[in-house]
Amino acid sequence: MLDLIAALGLALAVEGILFAAFPDGMRRAMYEAAHSPSDQMRLVGIISAFVGLGIIWLVRWVG
């Protein structure tokens, strides 16, 4: 459970840094995401989830 909370904190920190460092770029990215087809968003979400799970598995397996 502590790992989950730490992961959420890390995600928020990275997102906050991106918004603070590149506000215009993040605004453009959000605009593009909002105007993308649902199927494309779904595919990106599924791929991101599997990549994230793969990274977690790799870190746990190596470490």
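The values are calculated or read from the model by the stated rules, or taken from the named source; none is laboratory data. As the structure is a prediction and not an experimental result, all values here were calculated from the model. No Cβ is skipped: glycine too gets one built from the backbone with ideal geometry, and neighbour counts run over all protein chains shown.
When the range 1-50 is filtered for residues that are of a type in the set (S, T, N, Q) and either surrounded by 10 or more Cβ atoms within 10 Å (Cβ to Cβ) or in contact with a helix residue (DSSP H, G or I) (Cβ under 9 Å, 6 or more places away or on another chain) (or both), the ones remaining, listed by number, are Ser36, Gln40, Ser48. Pull up the range 27-63, narrow it to residues that are more than 24 Å from Ile17 (Cα to Cα) and of a type in the set (Val, Ile, Thr), then point me to the one that is modelled with the lowest pLDDT. Here the answer is Val62. In the range 44-63, the residues that are over 25 Å from Glu32 (Cβ atoms) form no Cβ pair under 7 Å with any partner that is modelled with pLDDT under 95 and acidic (Asp, Glu), whether six or more places apart or across chains.
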